[in-house]
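Asker: My questions will all concern the structure given below.
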Amino acid sequence: MAGGTQMLIDTLAKKLSPENIKLNTKITALKEVENELSVETSNGSNFKADKAIICIPPQLAGLQIKFSPDLPDNLTQILPTVQTWMSGALKFVLEYAAPFWRNNGYSGMLYSHAGIIMEMYDHTNFEENKFGFTGFLSGGASAYSQEVRKEFVLRQLAELLGKEILNPVSYSDKVWTDEFVLAGNQIIQRPHQNNGHPLLQQSYLNGKLYFSGTETATAFAGYMEGAVISAMKISDKF
């Protein structure tokens with residue numbers, strides 16, 4: 001995508017007034033008060049809303065947000081079991097000054113059951129002025145420090161693509177099991193378990209509360225397409 005996927009967020013943000021975008025504001029409670037919702041945050045702020053749309057992973061919403069009155073029992077039982085796509089994954093990015101692998105006739109795509117890298121793709125941008133790879137590491141790699149993970153990544157790639165791989169402009173990786181994805185909960189679930197569940201398609205708190213986000217999508221759940229599909233479905237309700 002030209003400009004990178006961050007362009008999606010930046011473009012949407014430009015359509016909103018800056019004062020209506022609250023960053024680093026964690027919701028802790030949603031309470032129905034007469035004909036509106038009271039939205040409470042961890043820093044003590046309180047907002048009023050006609051409706052609320054939750055787009056964080058359902059599992060995280062169920063763990064970290066207090067609802068009043070309580071959500072139906074069948075929904076509260078489902079929320080912790082909705083698999084969060086990317087949870088537990090280790091994603092890495094390597095950047096290089098030039099696409100030497102392309103010049104040597106390699107695609108940059110890799111699948112492996114042997115090394116620390118399980119999956120990798122050429123991640124050169126649309127404009128072709130930034131070059132590199134992105135991919136996923138084996139689950140056990142989270143036990144290593146980032147420096148050790150980098151060492152193993154470069155060692156594996158050097159055997160395949162040569163010594164030029166040993167001099168990246170940058171290396172970064174991310175263990176996706178954290179407070180923003182699973183709140184430390186590492187229960188192993190089936191891929192896409194309960195994604196798009198019928199209970200996530202309904203409204204709650206007398207039509208004031210909705211669930212959206214890619215895990216709620218009935219098609220392409222877990223992927224960017226799923227996020228777009230769920231957003232369009234919610235927007236059609238208003």
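Asker: What does the net charge come to around Ile27 if you take all other residues with beta carbon closer than 10 Å to its beta carbon, with K and R at +1 and D and E at -1?
Answerer: +2
Asker: Now for a separate question. Which of the residue pairs Lys31/Lys233; Lys14/Lys237; Lys26/Lys237; Lys91/Lys237 have a Cα-Cα distance greater than 31 Å in the structure shown?
Answerer: Lys91/Lys237
Asker: Sum -39500 (n - 2.57) across every DSSP H segment of at least 4 residues in the chain, then divide by the residue count to get the 222 nm mean residue ellipticity, nearest 500.
Answerer: -6500 deg cm²/dmol
Asker: Mind sorting out which of (1) 39, 20, 16; (2) 36, 18, 12; (3) 62, 16, 12 is the real semi-axes √(5λ) of the Cα gyration tensor in Å computed from the coordinates?
Answerer: Read-out taken from this structure: (1).
Asker: For Lys91 and Gln193 in the same chain, what is the full-extension length gain: residue separation times 0.36 nm, less their Cα-Cα distance, in nm?
Answerer: Taking Lys91 through Gln193 to full extension adds about 34.6 nm, to one decimal.
Asker: Compare Asn20, Asn46, Asn194 in a GNM of the chain, Cα atoms joined below 10 Å, and give the one with the largest fluctuation.
Answerer: Its mean-square fluctuation being the largest, the pick is Asn20.
Asker: Can you give me the Cα centroid spacing of the stretch 100-155 and the stretch 31-79 in angstrom?
Answerer: So the separation of the two Cα centres works out to 39 Å.
Asker: Determine the sum of side-chain charges near Gly226: Lys and Arg each +1, Asp and Glu each -1, restricted to other residues whose C-beta is under 11 angstrom from that of Gly226.
Answerer: Result for the neighbourhood of Gly226: -1.
Asker: Something else about it: Give the residue list of GluC sites (Glu not before Pro) in the stretch 145-238 that are DSSP loop and have at most 14 other beta-carbon atoms within 10 angstrom.
Answerer: Loop-located and lightly packed - Glu179.
Asker: Which loop trypsin sites (Lys or Arg not before Pro) in the stretch 103-200, with loop taken from DSSP, have no more than 15 other Cβ atoms within 10 angstrom of their Cβ?
Answerer: Here the sparse-neighbourhood loop sites are Lys130.
Asker: Just in the stretch 74-162: which chymotrypsin sites (Phe, Trp or Tyr not before Pro) are loop by DSSP and have at most 12 other Cβ atoms within 10 Å?
Answerer: Phe126
Asker: What FRET efficiency comes out for Lys237 versus Ala49 if R0 is 22 angstrom and r is the Cβ-Cβ distance? Round to the nearest 0.05.
Answerer: Working: r = 15 Å, r/R0 = 0.69.
Once rounded, the FRET efficiency stands at 0.90.
Rule-based calculations on the coordinates, nothing more; no lab input. In this text, all values refer to a predicted model and were calculated from it rather than measured experimentally. Virtual Cβ from ideal backbone geometry, glycine too; neighbours counted across all protein chains shown.
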